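Asks: I'd like to ask some things about the structure below.
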Amino acid sequence: MSWNTDDVNRTLEAGAPALYAALSPLGRRLFYPPDIPAQAQEAKGRSFNGTIGIFTDGAGGAVPLPSMAAALTLDGDDRNRAFLYSPVPGIREVRERWRGWQRRGVAASVPSTLPVVTAGLTHGLSMVADLFGGEGRTVAVPAPFWGNYRQTFALRTGAAVSTAPAYRDGHFHPGAVAEALSAAPEGEPAVAMVNFPSNPGGYAPTRGERDELRRTLLEVADRRPLVVVCDDAYAGLVYDPEVPRESMFWELAGAHERLVPVKVDGATKEFSFFGGRVGFLTFGVDLGEEAAAALENKLSSLVRSTLGSPVALGQTILLQALRSGKAEAEIREVFEIAERRYRAVRPALDDLDRDLLRPLPFNAGFFVLLEIPEKLGLDPQRVRRHLLDHHDTGIVAIAPRYLRIATCSVAADALPELVRRVERGVRELAGLTR
Ligand SMILES: Cc1ncc(COP(=O)(O)O)c(C=O)c1O
């Protein structure tokens, strides 16, 4: 179909009014013109294809340097895929298989789009920020939060991050998003971040907490178009059997006409493929064919104007796992390492002196978050430096008074000692002796 910007906008507005209403000025402008990649895509398989600027063997195959080709055991089509450009929205088979992976156990009636490939999750988040952020847009983020949300939404697009406490009286606070949006003018579109298992918290909500969060999000959507970004970086890393593992995305998809769930996920943590840079962007709305094409046109425009095209090598390697039928079992083995570390750190935290450090609730993911009691008046950056300089220990400081331990990257038997060192460091700086 030959489209222009107005056609794309009109089609999207008709098929997904809330999504369209929440678009930023950039989001409205986005349009993927039928230029080189689109024309090359259409010419694929023709006997004479002189469209795109790639070096081929004359029959569409890649011509890799032998020393690089030797690094991969792939051959045939997969080797070509790895060395040539990926289609702009991603390799079709990867997108379809990832959709199948995402939808394990999800009822057929729950809507979700064919995922678009991103260069890791950060890129997916920055695409969401480009689509829905911008000056004057409120982005609700329960605090403490992963600092890169500020870079992607506020620093790059000028959106205003509005926070509310993620924990209250030592418990998860399901009303945080609604609270963070309480001052935003009625009717104005907004964005909300939902990240479970969380970074830096290492927390996934219980069934009751999730129900309450869902209720409050639907209530917000009664008053404004609401884009809910489910950052599922740590999907599946839940250690308590009573706590749901599935993404909140599936409980929000199709649940309210003014709520637009967006799933940001990918291979980085879920497939232990940090360097592969493969992420996905999926929308939980029933778009119909035309509006889905309009949305994909806008997403392609964003990818084309920033990355050019997503990483083919990462996608091709991920494809091997998605096709293998073994991904679930292999991931379980990797996650068991994370779980052993989680189980090793728990008793060490139980022994912590609560006058020095208070662990926030944690039951999932890669991290433990410790709060320094306010009355100690200690800057977490000062604690971090002290641990580096005097205790041979590195952790992350998060303002105004948190310390984050990445349990995922420390051997289980080293974790109790690490926790003891953190406690000792805080005790020294607080001038308390035992
Ligand atoms: C919550 C969260 N979202 C997104 C990301 C980014 O993932 P990626 O490395 O794929 O960009 C991270 C990485 O630490 C994260 O913790």
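The values are calculated or read from the model by the stated rules, or taken from the named source; none is laboratory data. Predicted, not measured: the structure shown is a model, and the values here were computed from it. Glycine also receives a Cβ, built like all others from the backbone with ideal geometry; neighbour counts cover every protein chain displayed. Heavy atoms of the whole protein, side chains included, go into the accessibility calculation; ligands, DNA and RNA do not. Shrake-Rupley method; radii C 1.70, N 1.55, O 1.52, S 1.80 Å.
Asks: Mind checking the full-extension length gain between Thr73 and Glu428? Use 0.36 nm per residue of separation minus the Cα-Cα distance, one decimal, nm.
Replies: 122.4 nm
Asks: Still on this structure, please answer the following. Using all alpha carbons of the stretch 177-216, what is the percent of pairwise distances in each 10 Å bin, ordered from the shortest bin to the longest?
Replies: Per 10 Å bin, starting at zero, the Cα-Cα P(r) for the stretch 177-216 comes out as 24, 49, 24, 3 percent.
Asks: Here's something else I'd like to know. Please calculate how many Å² of accessible area the chain carries per residue, with a 1.4 Å probe and no DNA, RNA or ligand atoms counted.
Replies: Accessible surface, normalised per residue, equals 45 Å².
Asks: How far, in degrees from 0 to 90, does helix 380-391 lean away from the longest principal axis of the Cα atoms of the chain, to the nearest 10?
Replies: 80
Asks: Taking each pair of distinct Cα atoms in the stretch 98-164 once, what is the resulting Kirkwood hydrodynamic radius in Å?
Replies: 13.6
Asks: List, in order, the whole-Hz ³J(HN,Hα) value for each residue of the stretch 202-213 obtained from phi through the Karplus relation with A = 6.51, B = -1.76, C = 1.60 and θ = phi - 60°; use x for Gly and Pro.
Replies: Listing the rounded values in order: x, 10, 10, x, 6, 3, x, 5, 5, 4, 5, 4 Hz.
Asks: Hey, rough spin-label estimate for Glu339 and Phe55, points 7 angstrom out along Cα→Cβ, what's it come to in nanometres?
Replies: The modelled label-to-label distance comes out at 4.8 nm.
Asks: Hey, another quick one. Specify, per residue and in Å³, the volume enclosed by the convex hull of the alpha carbon atoms belonging to the stretch 1-104.
Replies: So the per-residue hull volume is 168 Å³.
Asks: Follow-up. Over the stretch 122-181, what is the percentage of antiparallel beta bridges among all DSSP beta bridges, to the nearest 5?
Replies: Restricted to the stretch 122-181, the bridges split so that about 25 percent are antiparallel.
Asks: With a cut-off of 16 Å, note down the residues of the stretch 410-434 whose backbone N falls inside the zone around a label point 7 Å from the Cα of His390 toward its beta carbon.
Replies: 420-434
Asks: Would you list Leu357, Leu322, Leu432 from the most to the least accessible area, probe 1.4 Å?
Replies: From most exposed to least exposed: Leu432, Leu322, Leu357.
Asks: Right, next: Normalised by the number of residues in the chain, what is the relative contact order in percent for Cα pairs under 8 Å and 6+ residues apart?
Replies: Reported as a whole number, the value is 18 percent.
Asks: Leaving out ligands, DNA and RNA, what percent of the accessible area of the stretch 1-124 is carbon and sulfur, probe 1.4 Å?
Replies: Ligands and nucleic acids excluded, carbon and sulfur give 54 percent.
Asks: Based on the alpha-carbon gyration tensor of the stretch 361-401, what equivalent-ellipsoid semi-axes (square roots of 5 times the eigenvalues) come out, in whole Å, largest first?
Replies: 19, 15, 7
Asks: I need the semi-axes of the equivalent ellipsoid of the stretch 345-434: take the C-alpha gyration tensor, multiply each eigenvalue by 5, square-root it, list largest first in whole angstrom.
Replies: 19, 14, 13
Asks: Report the convex hull volume per residue for the stretch 31-173, counting only C-alpha atoms, in Å³.
Replies: Convex hull volume per residue, Cα atoms: 220 Å³.
Asks: Sticking with this one: Given the pairs Lys263/Lys326; Lys269/Lys326; Lys44/Lys326, which are separated by over 26 angstrom at their Cα positions?
Replies: Over 26 Å apart, Cα to Cα: Lys44/Lys326.
Asks: Quick one: with all protein chains in place, what share of the accessible area of the stretch 264-404 is carbon or sulfur, to the nearest percent (1.4 Å probe)?
Replies: Whole-percent figure for carbon plus sulfur exposure: 47.
Asks: Return an integer: the convex hull volume of the alpha-carbon atoms of the stretch 217-360, in Å³ per residue.
Replies: 192
Asks: Here's a follow-up. Which part of the stretch 169-202 falls in the paramagnetic zone of Ala255, meaning amide N under 12 Å from the point 7 Å along Cα-to-beta-carbon?
Replies: The answer is 194.
Asks: Then there's this: Round to the nearest 0.05 the FRET efficiency obtained for Val106 and Phe274 when R0 = 35 Å and r is the Cβ-Cβ distance.
Replies: Calculated value: 0.85.
Asks: Right, here's the next one. In degrees, nearest 10, range 0 to 90: what is the angle between the Cα axis of helix 121-132 and the longest Cα principal axis of the chain?
Replies: Taking the Cα atoms of the chain, the angle to 121-132 is about 70 degrees.
Asks: Now, a different point. Counting Lys and Arg as +1 and Asp and Glu as -1, each charge on the Cβ, what is the dipole of the chain about the Cα centre in debye, to the nearest 20?
Replies: With only Lys, Arg, Asp and Glu charged at Cβ, the dipole is about 640 debye.
Asks: If you restrict to DSSP beta bridges whose two residues both lie in the stretch 217-369, what percentage is antiparallel, to the nearest 5?
Replies: Antiparallel: roughly 50 percent of the beta bridges in the stretch 217-369.
Asks: Under 16 Å from a point placed 7 Å out from the Cα of Lys44 along the Cα-to-Cβ direction: which residues of the stretch 1-24 have their backbone N that close?
Replies: Of the residues in the stretch 1-24, 1 have backbone N under 16 Å from the label point off Lys44.
Asks: Mind giving me the nanometre distance, one decimal, between the label points for Ile36 and Arg168, set 7 Å out from Cα along Cα→Cβ?
Replies: Those two pseudo-labels are separated by 5.5 nm.
Asks: Work through the residues other than Val88 whose Cβ is under 11 Å from its Cβ and net out their charges, Lys, Arg +1 and Asp, Glu -1.
Replies: Surrounding charge for Val88 is -1.
Asks: From largest to smallest, what semi-axes in whole angstrom does the stretch 134-259 give when each is the square root of 5 times an eigenvalue of its alpha carbon gyration tensor?
Replies: 22, 17, 13
Asks: Using only C-alpha atoms and all pairs of different ones, pull out the Kirkwood radius for the chain in Å with one decimal.
Replies: 23.2
Asks: Are there GluC sites (Glu not before Pro) in the stretch 333-366 that DSSP puts in a loop and that have at most 10 other Cβ atoms within 10 Å, and which ones?
Replies: Answer in residue order: no site qualifies.
Asks: Considering only Gly105, Gly276, Gly175, give the residue with the highest GNM mean-square fluctuation for the chain, with springs between Cα atoms whenever their separation is below 10 Å.
Replies: With Cα springs under 10 Å in the chain, the top fluctuation among Gly105, Gly276, Gly175 is at Gly105.
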